[in-house]
1. Identify the single condition in (1) aromatic (Phe, Trp, Tyr); (2) at pLDDT below 80; (3) assigned to a helix (DSSP H, G or I) that Trp29 does not satisfy, given that it satisfies every other one.
2. Answer yes or no as to whether Arg49 is of a type outside the set (A, V, I, L, M), loosely packed, with under 10 Cβ neighbours inside 10 Å and modelled with pLDDT of 80 or more.
3. In the stretch 46-95, how many residues are in contact with a helix residue (DSSP H, G or I) (Cβ under 9 Å, 6 or more places away or on another chain) and more than 30 Å from Asp33 (Cβ to Cβ)?
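The values are calculated or read from the model by the stated rules, or taken from the named source; none is laboratory data. Model, not experiment: these values are computed from the prediction. Reconstructed Cβ throughout: ideal geometry from the backbone, glycine too, with neighbour counts over all protein chains shown.
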Amino acid sequence: MRKVVLAGMLIFFLLLGLWLGLTQLKSKWPGVDEAVVERFARESDRPPRDPYINPDRGDLLLFFFLLAGVAGGFVGGYFYRELFPPKSTKGARNA
């Protein structure tokens with residue numbers, strides 16, 4: 001019982017430290033796009049612009065995921081017999 005309590009306390013304090021660390025470091029670690037690409041774009045007088053297809057609007061990413069699932073399901077269904085061949089009955093003993 002003592003080991004369970006100690007393990008629980010250790011996990012709690014580790015998660016607490018992780019949470020506190022991540023809340024403090026949000027603005028100190030910019031991504032590569034912000035730190036490198038945008039800086040070079042500004043230096044060459046080409047300010048950042050909105051993307052042609054913005055996946056942040058609406059359910060566009062879910063739609064792409066749906067299309068990928070449909071395509072994968074079609075391919076998996078079409079080649080089902082090759083992916084999962086039927087078990088051979090040759091050499092099987094009849095009981």
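1. Result: Trp29 fails condition (3) only.
2. Against the criterion (of a type outside the set (A, V, I, L, M), loosely packed, with under 10 Cβ neighbours inside 10 Å and modelled with pLDDT of 80 or more), Arg49 does not qualify.
3. Within the stretch 46-95, residues that are in contact with a helix residue (DSSP H, G or I) (Cβ under 9 Å, 6 or more places away or on another chain) and more than 30 Å from Asp33 (Cβ to Cβ) number 2.
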